[in-house]
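One structure is given here, and the rest of the page talks about it.
The values are calculated or read from the model by the stated rules, or taken from the named source; none is laboratory data. What you are looking at is a predicted structure, and each value in this text was computed from that prediction instead of being measured. Cβ coordinates were reconstructed from backbone atoms using ideal geometry, including for glycine residues, and neighbour counts include every protein chain displayed. For accessibility, only protein heavy atoms count, side chains too; no ligands or nucleic acids. Shrake-Rupley method; radii C 1.70, N 1.55, O 1.52, S 1.80 Å.
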Amino acid sequence: MRMGSGMAGSVAAVVAAVCLLLLPAASLAQLQVGFYNTSCPNAEALVRQVVTAAFANNSGVAPGLIRLHFHDCFVRGCDASVLLSVNPGGGRTERVAAPNFPSLRGFEVIDAAKAAVEQSCPRTVSCADILAFAARDSVNLTGNAFYQVPSGRRDGNVSSEDEALDNLLGPNSTAQVLIDGFLKKGLNTEDMVVLSGSHTIGRSHCDSFLFKNRERLANGAISPAYQALLEALCPPTTGPTTLIRTDMDVSTPTVLDNNYYKLLPLNLGLHFSDDQLVRNATLAPFASAFAANETLWKEKFVAAMIKMGNIEVKTGTQGEIRLNCSIVNPASSSAAWIEMLRFPAGITSDDAAAEEVATS
């Protein structure tokens, strides 16, 4: 039985508050709910207005923004590096990496939200925080689950295609690859299964599932009728630039609910990686529990979104507050390139100094 909208919202709010208490002390010191209460009190409302308007015009905006936040956080942390269209020192950015192009979307919504916030509070709210707010609003619009977003993130000034390829997990990932990839980011096995449930909304390109699913068909791991529909949809010449897409959840594709987990035992998971959740002995109990209890899954999902939003954040004087989310501020361009050469992703100047002391 589904909860009423008021009860669902109340449960999510309580869970979000508890999650904040469970975050490591370092994270709490870095980010805080209401970070802009004084400097830009209407920041979150402005972002919500833009996202809501975009969603009213195209419901596909919501899953796009959730995925955009996820792909941002998994490469160099939640620092809006995925939004950069130009790398200060040259080279290709995350946006054009195979896991992101041409499937990643929502950039224009973030740009519109940033413009609205800049008009009200110039040089105050980071693109990274705007993206986190927009993802939260997307969860609320599609799943009626509101939660408070700790903020205070700063924007990074480096974006690398190679780092996106190294850190983003693909639709053909095995269970162990998924577990290990999330663990690298401080997220546990349950977090991985929980966040995979975001595939209950949104669409996916033919190239991400068609050929691997032929192997699944031979192994009895996908419904023959479902695969036949997918074969009819996708052209024989399907490749990375094929733009034809299909819903990832065949039952309720625009609602953030637990039907994704209910479809998996029926061999109706779109991707090989989705199917892994019911084939692996460690993952299957989580998937089964979420299929049986939507309230439980939504509580866990809210907690995991907050936890993910804390991955390797930049705060204080780190990074910058970008004026335009797609390019770094002019004065930081040369400094960004020097920083990238000196300190690879995940290594800070403090880490380098400590290593120098230890080896001297």
>> I'd like to check something: does the stretch 273-282 contain any residue that is crowded, with 19+ Cβ neighbours inside 10 Å and hydroxyl-bearing (Ser, Thr, Tyr)?
In response: yes
> Do we have any residue at all in the stretch 178-186 that's surrounded by fewer than 20 Cβ atoms within 10 Å (Cβ to Cβ), of a type in the set (D, E, K, R), at pLDDT 95 or above and over 28 Å from Val86 (Cβ atoms)?
Replying inline: yes
> Among the residues of the stretch 308-330, which ones are farther than 24 Å from Arg92 by Cβ and either among the aliphatic types (A, V, I, L, M) or open to solvent by less than 30 Å² (accessible area, probe 1.4 Å) (or both)?
Replying inline: Met308, Gly309, Asn310, Val313, Thr315, Ile321
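Sort out which residues of the stretch 261-316 are free of Cβ contacts under 8 Å to residues at least 12 places away in the same chain and either farther than 25 Å from Lys212 by Cα or among the small types (Gly, Ala, Ser) (or both), and write them in order of number.
Initially, the stretch 261-316 is screened for residues free of Cβ contacts under 8 Å to residues at least 12 places away in the same chain, giving 281, 284-285, 289, 292, 296.
The answer is Ala281, Ala284, Ala289, Ala292, Leu296.
Being in a helix (DSSP H, G or I) and farther than 23 Å from Val96 by Cα, is that true of even one residue in the stretch 158-176?
Start the filter on the stretch 158-176 by keeping residues that are in a helix (DSSP H, G or I), which leaves 161-167, 175-176.
Right, trim to farther than 23 Å from Val96 by Cα and you get 175-176.
Yes, there is a match, as at least one residue in the stretch 158-176 is in a helix (DSSP H, G or I) and farther than 23 Å from Val96 by Cα.
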>> Just checking, does the stretch 260-270 include any residue being open to solvent by less than 60 Å² (accessible area, probe 1.4 Å) and hydroxyl-bearing (Ser, Thr, Tyr)?
In response: yes
> So how many residues does the stretch 30-60 have that are of a type in the set (A, V, I, L, M) and open to solvent by 10 Å² or more (accessible area, probe 1.4 Å)?
Replying inline: 7
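Only residues that are open to solvent by less than 10 Å² (accessible area, probe 1.4 Å) and of a type in the set (A, V, I, L, M): list them for the stretch 222-253, please. Walk me through how you get there before you give the answer.
First pass over the stretch 222-253, keeping only residues open to solvent by less than 10 Å² (accessible area, probe 1.4 Å): 222, 227, 230, 234, 249.
Within the stretch 222-253, Ile222, Leu230 qualify.
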> Is it the case that the stretch 236-247 has a residue that's within 16 Å of Asp274 (Cβ to Cβ) and part of a loop (DSSP other than H, G, I, E, B)?
Replying inline: no
>> Looking for something in contact with a strand residue (DSSP E or B) (Cβ under 8 Å, 6 or more places away or on another chain), of a type in the set (A, V, I, L, M) and under 20 Å from Lys314 (Cα atoms) - is there at least one such residue anywhere in the stretch 103-114?
In response: no
> Taking the stretch 195-250 on its own, how many of its residues are farther than 14 Å from His271 by Cα, in contact (Cβ under 8 Å) with a residue 60 or more places away in the chain and over 20 Å from the mean Cα position of the chain (by Cα)?
Replying inline: 3
>> If I filter the stretch 81-94 down to residues being more than 14 Å from Arg105 (Cα to Cα) and among the small types (Gly, Ala, Ser), which single residue comes out as most open to solvent (accessible area, probe 1.4 Å)?
In response: Gly91
